[in-house]
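The block underneath contains the structure these notes are about, expressed in structure tokens.
The values are calculated or read from the model by the stated rules, or taken from the named source; none is laboratory data. In this text the structure is predicted, and so the values were computed from the model without any measurement. Methodologically, a virtual Cβ is constructed for each residue, glycine included, from the backbone with ideal geometry; neighbour enumeration extends over all protein chains shown.
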Amino acid sequence: MNLSLGVRMLIFVICFLSSVLVSIGAGWLSHKPGARKRDAVLFGGGVFIGVMGLCMTTLGYLGVFSGETA
């Protein structure tokens, strides 16, 4: 894809923020009353890494970050 740097950064920020929101939701849903909060934070962090990796892999496959500039 022939995208400018600003558009690429916007796509990256959207990917990052959506990963953060999904990981917060996953950590919140995995927390059990009376359990340690550390387990929910670790689970949310793992979900963040997974979602961000999936998003970056998909965008890389589509050619968003291929290095061609407008």
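General observations
- Of the criteria (1) at pLDDT below 95; (2) not in a loop (DSSP other than H, G, I, E, B), which one residue 64 fails: (2)
- Residue 40 vs. criteria assigned to a loop (DSSP other than H, G, I, E, B) and aliphatic (A, V, I, L, M): no
- Unique residue being in contact (Cβ under 8 Å) with a residue 40 or more places away in the chain and β-branched (Val, Ile, Thr) when the list is 24, 11: 11
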